[in-house]
Amino acid sequence: MAIRKIRIMGDPVLEKTCKEVKEMTPRTRELISDMFDTMYDGMGVGLAACQVGILKRIVVIDTTGEDPHVLINPVIVETSGEQTGQEGCLSLPGQAGIVTRPNYVKVRAYDENMQEYELEGTELLARAICHECDHLDGIMYVSKVEGSLMDVDAMEDEEK
Ligand code: ZN
């Protein structure tokens, strides 16, 4: 297992458009495995390859800790409904903001054997799919935040 360094907002790599993956290679398999390790270590529910400095269209998502998905070259093909809620990002630690996303998303992607499949998600999974797919086009959730960013640590203090 290998944990990679997560790039923080302001790093130009997070503003670039990632490139399609054409074939699976041992190197890419290792990247995917490391992305899962890095996401779990950071207690995130999703991670895009650009967040570890690799400009490939690869996303890993696990919203429950027991439901890992890898999405290669993902394309959102259907959305419906709306949800408004708090969102954070491993590339912007300690902060969160309110973002409106579709409540249902269907995404078409390739798995790590480059087999095409579809994944449907609602609520948090739908939010994570949208958030991570945005990363592949260089979009950070902060550009979609309603109001201002909140300091997550300060919010926890207020609850005490
Ligand atoms: Zn993110």
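Accessible area per residue, 1.4 Å probe, Å², for the range 1-79: what's the number?
54 Å²
Percent relative contact order of the range 20-160, based on C-alpha pairs within less than 8 angstrom and at least six residues apart? Please list the in-between numbers first.
Working: 253 pairs, mean separation 30.8, N = 141.
Normalised by residue count, the contact order of the range 20-160 is 22 percent.
Quick one: angle between helix 26-41 and the longest Cα principal axis of the chain, in degrees between 0 and 90, rounded to 10, please.
Around 20 degrees separate the two axes.
Once you compute Rg and the Kirkwood Rh from C-alpha atoms, what is the Rg to Rh ratio for the chain? Present the calculation step by step, with values, prior to reporting the outcome.
Numbers: Rg = 15.1 Å, Rh = 15.9 Å.
That ratio is 0.95, to two decimals.
Express the carbon and sulfur contribution to the solvent-accessible surface of the chain as a percent, rounded to the nearest whole number, probe 1.4 angstrom. Please report the intermediate quantities before stating the final value.
Details: 4020 of 8410 Å².
Carbon and sulfur together cover 48 percent of it.
Where Lys and Arg each count +1 and Asp and Glu each count -1, what net charge lies around A2 among other residues with Cβ under 9 Å from its Cβ? Walk me through the numbers before you get to the answer.
Details: positive: R4; negative: E30, D34, D37.
Summing Lys and Arg as +1 and Asp and Glu as -1 gives -2.
Kirkwood Rh over alpha-carbon pairs of the range 54-149, then Stokes-Einstein at 4 °C and 1.567 mPa s: what D in µm² s⁻¹, rounded to an integer?
Values: Rh = 13.7 Å.
Answer, rounded: 94 µm²/s.
Just to confirm my numbers, what's the Cα centroid distance between the range 91-111 and the range 56-83 in Å?
8 Å
Please give the net charge around Q95, taking every other residue with its beta carbon less than 11 angstrom from that of Q95, where Lys and Arg add +1 and Asp and Glu add -1. Display every interim value, and only then the final one.
Numbers: positive: none; negative: E87, D151, D153.
Surrounding charge for Q95 is -3.
The values are calculated or read from the model by the stated rules, or taken from the named source; none is laboratory data. The structure presented is a predicted model; accordingly, all values stated were derived computationally and were not measured. Note that we place each Cβ from the backbone using ideal geometry, even for glycine, and neighbour counts take in every protein chain shown. Note: areas computed on protein heavy atoms with side chains; ligands, DNA, RNA excluded. Shrake-Rupley method; radii C 1.70, N 1.55, O 1.52, S 1.80 Å.
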